[in-house]
Amino acid sequence: MKIPLATSLRGELAVPGDKSISHRSVMLGAIAKGDTEVRGFLKSADCLATIECMRQMGVEIEEVKEENRYTGRQESVLVIHGKGLYGLSEPMGTLDAMNSGTTVRLLSGILAGQPFTTYITGDSSLRKRPMKRIITPLAQMGCRIEAENKNNCLPLEIHGDRLHAIHYSSSIASAQVKSCVLLAGLYADGPTTFFEPYLSRNHTELMLSAFGANVKAKVDPLTMQPGAIIYPGTDLRGQKIRVPGDISSAAYFIAGGLIVPNSEVHLHSVGINETRDGILRVAKAMGGNVITRNIRMEGREPVADIIVKTSDLKGTNIGGSLIPALIDELPVIAIMAACAKGDTQIYDAGELRVKESDRLTAIVMNLQKMGVGVEETEDGMVIHGNGGKKQTGRRTPGKLGYFRGATIDSQGDHRLAMAFSIAGLISDTQMDIRNAECVKISYPSFYRDIARLASPF
Ligand code: S3P
């Protein structure tokens, strides 16, 4: 995919629904009693994998159309006919989570409590990702869960059973691990607690509570680590959910609006949950002109409209408790940092090595190809921003030409494809993104939205 150079990025955009919330709406809808209606559901490859797994276990899920009361436009509503906590049926074949870590890790928590055995696998990228992080707590809860190979990767064989409550302290801040344990906690014989070094996204806690589960945020009194406690024994009840726009998708247009000259982007109804809003905090710390307005609640999730304008950015430091709040945005934040004046240090981000690709190595390698000064560290990188001055002495069309146009191998990682496409808008020659179709994992209309907002050079 060749990225056209852009002289500006201007206009209004409603980014697609939040991926994390979309997955959870299907999973909780499936194990609730009664129907769940989901508006704004993200129809991307990852979320469709979750739907397919639930269908294989007998859950009826349909898409109906309705007229939006305010806009008059046709809108799709996903209706999940819930089966209750114990109503799933044993799947005929192996479940396939495809590329989706959220599908496999969250679903495993539910499967651990079912009275049957499940086999679950994924694509070649997901089969390389670590599963010990969920095997360990689920085994402690009494579930017989085995990885077919020695390195604790997919495929997994999960022998569901009555589970024991545990008190679990995780060494990593991960919403996928936390959600896995809390969902298994629905099937346990007492209250289960989960603590982690820093608070990860809390959509599972918020949505479980909306469905009627007894779950609360909790701080470990000994270590002061954040986490949650879940008390089993209540049925979940089907809900009506409106999924906010995904801040992880909005991030590309926040970054684009800041670094492309003459830009002003208005993003509508973006989720700004404080466990996800790290990109906004970093953009402001870098001196970015980013305004959130019309802040409101949609269900239990805060939502806002975001306005971004071209800005002179300065370097910053990103680590500690901020990391989980922007974990998926770090590739595009690295692009912002490369345009900033001065150094940006990213640390405590070792988790990026076990995402859809080793994102630390991939970001550094590709930035270097584009002429950016950057060094990789064990758990992050140092980016030497050139303050918006040209990185290279090559051809400079107008005010563009900041990055050297390069061929970027996305390695099938959607976040790399999108982050480097944004860099391509201000490169000297066209950036060529390999395997760009992987944007379908989280943002199928990404290139259409870019084409709508970008004025070609
Ligand atoms: C997610 C949690 C994060 C994030 C992923 C989605 C979720 O992963 O990177 O894209 O929906 O819970 P980790 O929990 O592994 O950090």
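The values are calculated or read from the model by the stated rules, or taken from the named source; none is laboratory data. In this text, all values refer to a predicted model and were calculated from it rather than measured experimentally. Here Cβ is always computed from backbone atoms with ideal geometry, including for glycine, and neighbour counts include all displayed protein chains. Note: areas computed on protein heavy atoms with side chains; ligands, DNA, RNA excluded. Shrake-Rupley method; radii C 1.70, N 1.55, O 1.52, S 1.80 Å.
Couple of notes before you dig in:
- Between amide H atoms placed 1.01 Å from N, distances below 5 Å from residue 387 occur with 340, 341, 342, all of them 5 or more places distant or on a separate chain.
- Each stretch of four or more DSSP H residues adds -39500 (n - 2.57); spread over every residue of the chain, this sum gives -8000 deg cm²/dmol at 222 nm.
- Anisotropy class of region 6-127 from Cα gyration tensor, a/c 1.5 cut: oblate
- As a length-normalised measure over Cα pairs under 8 Å and 6 or more apart, the relative contact order of the chain settles at 17 percent.
- When the convex hull of its Cα atoms is projected in every direction, mean area for the chain (nm²): 19.9
- Net dipole in debye of region 333-457 [+1 Lys, Arg Cβ; -1 Asp, Glu Cβ; about Cα centre; nearest 20]: 760
- Paramagnetic reach from residue 35 in region 241-260 [backbone N under 20 Å; point 7 Å along Cα→Cβ]: 241-243
- Sequence-distant contacts, meaning Cα pairs under 8 Å at least 6 residues apart, place the relative contact order of region 284-330 at 37 percent.
- Calculated translational diffusion coefficient of region 220-314 (4 °C, 1.567 mPa s; Stokes-Einstein with Kirkwood radius over alpha-carbon pairs) equals 84 µm²/s.
- Restricted to Cα atoms, region 159-254 shows a radius of gyration and a Dmax of 14.6, 46 angstrom.
- Charge dipole (debye, nearest 20) of region 65-117; +1 at Cβ of Lys and Arg, -1 at Cβ of Asp and Glu: 120
- Beta bridges per DSSP with both ends in the chain, % antiparallel, nearest 5: 75
- Taking Cα atoms only, the orientation of helix 45-56 departs from the longest principal axis of the chain by about 10 degrees.
- Positive-end extreme of charge dipole, the chain - chosen from 68, 260, 366 (charges on Cβ): 260
- Close amide H pairs (under 5 Å, H built 1.01 Å from N) link residue 33 with 84, 236, 237, 238, residues at least 5 positions away or on another chain.
- Each label point was placed 7 Å from the Cα along the Cα-to-Cβ direction; for residue 116 and residue 222 their separation is 4.0 nm.
- Taking the C-alpha atoms only, the angle from helix 330-339 to the longest principal axis of the chain is near 10 degrees.
- With Cα atoms, 0 to 90° folded angle of helix 19-30 axis to the chain main axis: 20
- Positive-end residue of 436, 158, 292, charge dipole of the chain with Cβ unit charges: 292
- Its Cα centre serving as origin, the chain has a Cβ charge dipole (Lys and Arg +1, Asp and Glu -1) of approximately 1000 debye.
- Principal semi-axes in Å for region 2-64 [√(5λ), Cα gyration tensor, largest first]: 32, 13, 9
- Percentage relative contact order, region 95-191, counting C-alpha pairs under 8 Å, at least six apart: 34
- Cubic angstrom per residue, convex hull over Cα atoms of region 309-457: 106
- In the full protein context, region 155-312 carries 36 Å² of accessible surface per residue, based on a 1.4 Å probe and ignoring ligands, DNA and RNA.
- The three principal axes of the C-alpha atoms in region 45-117 carry coordinate ranges of 46, 26, 19 Å, sorted with the longest axis first.
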